[in-house]
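K.L.:
Structure incoming, see below.
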Amino acid sequence: MRIITIIPAYNEENAIVHVVNGVKKYSDVLVVDDGSTDKTALLAKNVGAKVLKHGKNRGKGAAIKTGLEIAIKDDYDFIVLLDGDGQHDPRCIPLLMAGMDGVDLLIGSRFLNMAPHNMPLQRRISNGITTRLIRFVTGYHITDSQCGFRVISKKAAPFFTGISYNDYVYESEVLCKASENELVVGERPIQCIYGNE
């Protein structure tokens, strides 16, 4: 079973080494540097990640699509998506992978089984509104539509490369595309680390 973790990153030189080193224990690592103006790409490469760099900032969705295309081409069985800012704990990767039996797309949920006490209030409110809307549109009974910590199966990945959005809307559109194609979506609980937002 071949696993790759795609890390979309933009100006994350302060966190990227820690994130890559954590992920390397569980999978291959691909950092898609989305036009950073700092040392994100160099630092990621120096600690063993494969790095692709966009010439200019195109958006998180664009970075994810670039990574998915590489993962599909290289025939990985599972693709983990994890943010480059250090909010996601790579030690949760095995927990998410354990939920992939019969599932096409697994979302790490910050709300499943617990309330994220450290999430900024405005994010909690906006996430709640968006998640209710996504539930209504897709029929998926999910608790956290906006979490970027996800696992995608080889079967599901091609459905998500043609999405037109390149910004954060991309992650919501992935769920709509999954619903359109009757993919199985699941959730597993995770915790996130928030900085000074």
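The values are calculated or read from the model by the stated rules, or taken from the named source; none is laboratory data. Everything quoted here is computed from the prediction, not taken from an experiment. We place every Cβ from the backbone using ideal geometry, glycine too, and count neighbours over all the protein chains shown. In case anyone asks, the SASA skips ligands and DNA or RNA and just uses the protein heavy atoms, side chains included. Shrake-Rupley method; radii C 1.70, N 1.55, O 1.52, S 1.80 Å.
K.L.:
L42 - would you say it is open to solvent by less than 10 Å² (accessible area, probe 1.4 Å) and at negative phi?
P.N.:
Details: open to solvent by less than 10 Å² (accessible area, probe 1.4 Å): no; at negative phi: yes.
Spelling it out, it is not the case that L42 is open to solvent by less than 10 Å² (accessible area, probe 1.4 Å) and at negative phi.
K.L.:
Checking the structure you have, find out if any residue of the range 172-183 is touching a Lys or Arg at 6+ places or on another chain (Cβ under 9 Å), in a loop (DSSP other than H, G, I, E, B) and in contact (Cβ under 8 Å) with a residue 60 or more places away in the chain.
P.N.:
Within the range 172-183, one or more residues are touching a Lys or Arg at 6+ places or on another chain (Cβ under 9 Å), in a loop (DSSP other than H, G, I, E, B) and in contact (Cβ under 8 Å) with a residue 60 or more places away in the chain.
K.L.:
Pairs please, first residue from the range 64-80 and touching a residue at least 12 places away in the same chain (Cβ under 8 Å), second anywhere and aromatic (F, W, Y), Cβ atoms under 7 Å, 6+ apart in sequence or on different chains.
P.N.:
I64/Y170; L68/F160
K.L.:
Give the residues of the range 20-39 that are over 20 Å from K65 (Cβ atoms), in contact with a helix residue (DSSP H, G or I) (Cβ under 8 Å, 6 or more places away or on another chain) and open to solvent by less than 60 Å² (accessible area, probe 1.4 Å), sorted by residue number. Break it down stepwise before answering.
P.N.:
In the first step, residues of the range 20-39 are kept if they are over 20 Å from K65 (Cβ atoms); the result is 20-22, 24-26, 37-39.
Retained after the next criterion (residues that are in contact with a helix residue (DSSP H, G or I) (Cβ under 8 Å, 6 or more places away or on another chain)): 20, 22, 25-26.
Within the range 20-39, V20, G22 meet the criteria.
K.L.:
Could you please find all residues in the range 62-80 being of a type in the set (A, V, I, L, M) and either open to solvent by 10 Å² or more (accessible area, probe 1.4 Å) or part of a loop (DSSP other than H, G, I, E, B) (or both)?
P.N.:
Of all residues in the range 62-80, those of a type in the set (A, V, I, L, M) come to 62-64, 68, 70-72, 79-80.
Residues satisfying the conditions are I70, I72.
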